[in-house]
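Since the structure comes first, as structure tokens, the remarks are kept for the end.
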Amino acid sequence: LIATALTYASFGLEYFPEAFTTTYDGNTVTFDTVLSCFWFVFYNYSARGNLKSVLAKAEPKSADWLPRLFFDTVFFIWVGIILFTTITALLVDALGKARVDQAKRDYEIRNVCFICGMKRTDYDDYGLKRGAPSYDDHCNKDHDPWVYISYVAYLNAKPHNKYSGIETFVKSQMDKGETWVPSKTGVTLEAQGKTGPDISNDINNETTTHDNNNEEGSIKECERMIKELLDAQGKK
């Protein structure tokens with residue numbers, strides 16, 4: 001917009017200096033510099049989208065009638081139609097993409113376990129016994145993220161020589177930056193024989209490499225966020 005206003009101000013001042021006038025408090029104001037013409041054009045075409053209503057009129061039989069007609073028409077087509085339409089399309093596209101991204105995030109928050117990456121549909125497909133925890137219980141109780149954060153804080157505060165075997169393994173995985181949280185499983189699923197070392201291998205062989213990479217990335221992201229929260233808490 002600024003480049004367009006500057007271009008038309010320079011061109012208009014060169015060829016139609018008498019057109020760049022306006023009336024203010026009964027006095028006629030003439031713009032005789034490129035900068036003053038620029039502000040005049042920028043303000044008026046931003047507010048109205050055309051120059052015809054603000055520039056001095058050209059009489060049909062005058063010498064500058066056809067040049068002014070071309071000047072005003074090109075301005076209307078370029079600014080009023082092409083430029084404004086392009087900007088509107090970009091804004092609509094950006095807002096649409098933001099809505100899609102937000103909907104995707106909301107879907108993943110509701111339907112993908114933050115800790116293990118299990119989807120709601122996969123959990124329901126296991127057909128657990130009557131009275132078994134629901135998927136929401138799996139995410140909010142079995143795999144409550146704050147429990148994992150508390151566990152990491154507990155390990156960091158506990159002396160190393162008092163670690164149990166499991167605690168030693170988890171701490172070693174954390175120090176090496178490797179995965180230690182469960183992947184697409186849980187205590188309820190393993191208790192009912194739905195997941196486990198052998199079953200998990202069979203299931204993983206049926207999934208695609210792309211899905212596996214996404215799940216691993218989700219788990220590593222979870223571990224990274226836990227570490228950042230603990231670091232922030234330590235700084236306080």
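On a per residue basis, segment 32-178 carries 68 Å² of accessible surface, using protein heavy atoms and a 1.4 Å probe. Taking only the Cα atoms of segment 89-165, the ratio Rg/Rh comes out at 1.20, with Rh defined as the Kirkwood radius.
Taking 25 °C and 0.890 mPa s as conditions, segment 39-193 diffuses translationally at an estimated 111 µm²/s according to Stokes-Einstein applied to its Kirkwood radius (Cα pairs). Packing here is the average count of other Cβ atoms within 10 Å per residue, and on that basis the peptides 177-187, 130-140, highest first, run 177-187, 130-140. For segment 83-171, with all protein chains in place and a probe radius of 1.4 Å, 60% of the accessible heavy-atom surface sits on carbon or sulfur. Over all orientations, segment 90-133 has a Cα convex hull whose mean projected area works out to 4.0 square nanometres. Amide H contacts for Thr195 (H built 1.01 Å from N in the peptide plane; partners 5 or more residues away or on another chain; cut-off under 5 Å): Glu190.
Sorting Ile149, Ile166, Ile87 on solvent-accessible area from highest to lowest, probe radius 1.4 Å, gives Ile166, Ile87, Ile149.
The values are calculated or read from the model by the stated rules, or taken from the named source; none is laboratory data. On a predicted model such as this, the values are computed, not experimentally measured, just so you know. In this analysis, Cβ positions are derived from the backbone assuming ideal geometry, glycine residues included, and neighbour counts consider all displayed protein chains. All accessible areas refer to the heavy atoms of the entire protein, side chains included, with ligands and DNA or RNA removed. Shrake-Rupley method; radii C 1.70, N 1.55, O 1.52, S 1.80 Å.
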